[in-house]
Amino acid sequence: MSFEPEAIRAFEHAGWQRSASAYGDSFAPATAPFIAPLLEAAKFFPGQHVLDIACGPGHLAAAAAARGATAHGLDFSAAMVGVARNFHPEIVVTEGDAEDLPYPDGMFHAALSGFGMHHVPRPQVALAECRRVLKPAARFAFTVWATPDENIAWSLVFDAVARHGNRSATNAPPPGALSRPDQCLHALEATDFVDCSAELVRAEWLLPNANGLIAALSAGTVRMAALIAAQEPSALAAIIDHIAGQAERFRRNGQLAIPIAAVLASGRKSTE
């Protein structure tokens with residue numbers, strides 16, 4: 001099954017509109033450990049203008065503001081924009097498209113995207129737009145989820161669905177080509193960023209049990225939520241049981257500490 005960019009955008013938009021209100025209490029804890037490394041990679045200073053692309057509820061932009069930045073957030077989901085404005089009045093949040101940024105050339109001293117670039121239909125277009133709105137020598141840093149072989153939370157679900165459910169039941173678009181360091185480096189370099197880097201960053205996602213993992217993914221994601229929702233109820237029970245058995249080795253102090261991993265990539269706009 002092939003998906004045109006507009007179909008991908010429509011699928012993603014509908015999903016994020018749905019999950020906006022629940023994201024903070026469901027999936028945000030999985031992304032939180034990666035905020036500090038992302039801010040460090042962007043290399044901005046207090047008083048500078050920083051853009052968070054695909055900002056969601058605004059947690060990353062708010063963290064930049066806490067470090068003294070004049071923080072701006074952009075998201076294509078009006079529901080997410082509403083959440084961000086409500087919880088983080090200190091940031092300027094705009095509804096807009098990452099592939100057509102509503103900002104003038106050279107406006108920002110740094111740009112960030114926390115787990116947003118792999119949801120964009122055409123990441124190369126978004127990267128070019130990001131470069132356009134950066135000042136010369138400014139940096140763009142982003143995170144994307146690593147492949148399931150590096151990312152245990154994802155592999156637990158995929159393995160359980162493969163054994164007890166149907167991986168092809170979902171109507172979700174296939175994952176994009178930004179999940180390995182080499183892919184992220186290539187994308188940045190192809191968009192004329194320089195001084196590029198990409199590395200795996202590891203963390204743990206604390207959850208009460210397997211039901212908590214499924215509930216968080218169902219409430220706070222789009223593609224994983226679609227995969228879970230597509231499973232038959234009887235299969236889903238077996239999937240959760242399988243995850244519970246496999247995840248038990250990660251139990252610590254009464255909760256699961258499931259290993260997760262992201263690719264942290266960054267590049268600099270040249271001065272020429």
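The values are calculated or read from the model by the stated rules, or taken from the named source; none is laboratory data. This structure is a prediction, so every number in the text was calculated from the model and none was measured. Methodologically, a virtual Cβ is constructed for each residue, glycine included, from the backbone with ideal geometry; neighbour enumeration extends over all protein chains shown.
When Ala265 is tested against (1) under 15 Å from the mean Cα position of the chain (by Cα); (2) in a helix (DSSP H, G or I); (3) not polar (S, T, N, Q), only condition (2) is not met.
Just one of the listed residues (Phe44, Phe140, Phe34) is at pLDDT 95 or above, of a type outside the set (Val, Ile, Thr) and part of a helix (DSSP H, G or I), and it is Phe34. Only one entry in Asp182, Asp149 is in a helix (DSSP H, G or I) and either of a type outside the set (A, V, I, L, M) or modelled with pLDDT under 95 (or both), namely Asp182. Of all the numbered requirements in (1) more than 24 Å from Ala198 (Cα to Cα); (2) hydroxyl-bearing (Ser, Thr, Tyr); (3) in contact (Cβ under 8 Å) with a residue 24 or more places away in the chain, Thr70 misses one, and that requirement is (3). When each of Glu95, Glu129 is tested for being surrounded by fewer than 18 Cβ atoms within 10 Å (Cβ to Cβ), modelled with pLDDT of 95 or more, among the acidic types (Asp, Glu) and over 16 Å from the mean Cα position of the chain (by Cα), the lone residue that passes is Glu95.
Read through the list (1) out of contact with any Ser or Thr (no Cβ under 8 Å at 6 or more places or on another chain); (2) more than 24 Å from Ala262 (Cα to Cα), then give the number of the only condition that Gly116 fails. For Gly116, the exception is condition (2).
Among the numbered conditions (1) in a loop (DSSP other than H, G, I, E, B); (2) within 15 Å of the chain's Cα centre (by Cα); (3) of a type outside the set (A, V, I, L, M), the only one that Trp154 does not meet is (1).
For the stretch 157-178, enumerate the residues that are without any contact (Cβ under 8 Å) to a residue 24 or more places away in the chain and not in a loop (DSSP other than H, G, I, E, B). Scanning the stretch 157-178 gives Phe158, Ala162. Of all the numbered requirements in (1) touching a Ser or Thr at 6+ places or on another chain (Cβ under 7 Å); (2) surrounded by 22 or more Cβ atoms within 10 Å (Cβ to Cβ), Pro102 misses one, and that requirement is (2).
In the stretch 73-89, which residues are of a type outside the set (A, V, I, L, M) and either under 24 Å from Val120 (Cβ atoms) or in contact (Cβ under 8 Å) with a residue 12 or more places away in the chain (or both)?
Scanning the stretch 73-89 gives Gly73, Asp75, Phe76, Ser77, Gly82, Arg85, Phe87, His88.
Against the numbered list (1) crowded, with 17+ Cβ neighbours inside 10 Å; (2) free of Cβ contacts under 8 Å to residues at least 60 places away in the same chain; (3) under 19 Å from Val161 (Cβ atoms), Pro233 comes up short only at (1). Pairs linking a residue in the stretch 5-34 that is at negative phi to a residue that is of a type outside the set (A, V, I, L, M) and surrounded by fewer than 16 Cβ atoms within 10 Å (Cβ to Cβ), with Cβ atoms under 7 Å and 6 or more positions apart or on different chains, are Pro5/Arg122.
Collect the residues in the stretch 141-153 that are in contact with a Ser or Thr (Cβ under 8 Å, 6 or more places away or on another chain) and crowded, with 20+ Cβ neighbours inside 10 Å, keeping them in residue-number order.
Residues of the stretch 141-153 that are in contact with a Ser or Thr (Cβ under 8 Å, 6 or more places away or on another chain), as a first pass: 141-149.
The answer is Ala141, Phe142, Thr143, Val144, Trp145, Ala146.
Taking each residue of the stretch 203-224 that is in contact (Cβ under 8 Å) with a residue 40 or more places away in the chain and looking for partners that are in a strand (DSSP E or B) and surrounded by fewer than 17 Cβ atoms within 10 Å (Cβ to Cβ) with beta-carbon atoms closer than 7 Å, six or more apart or interchain, yields Glu204/Ala257; Glu204/Pro259; Leu206/Gln255; Leu206/Ala257; Leu207/Gln255; Pro208/Gln255.
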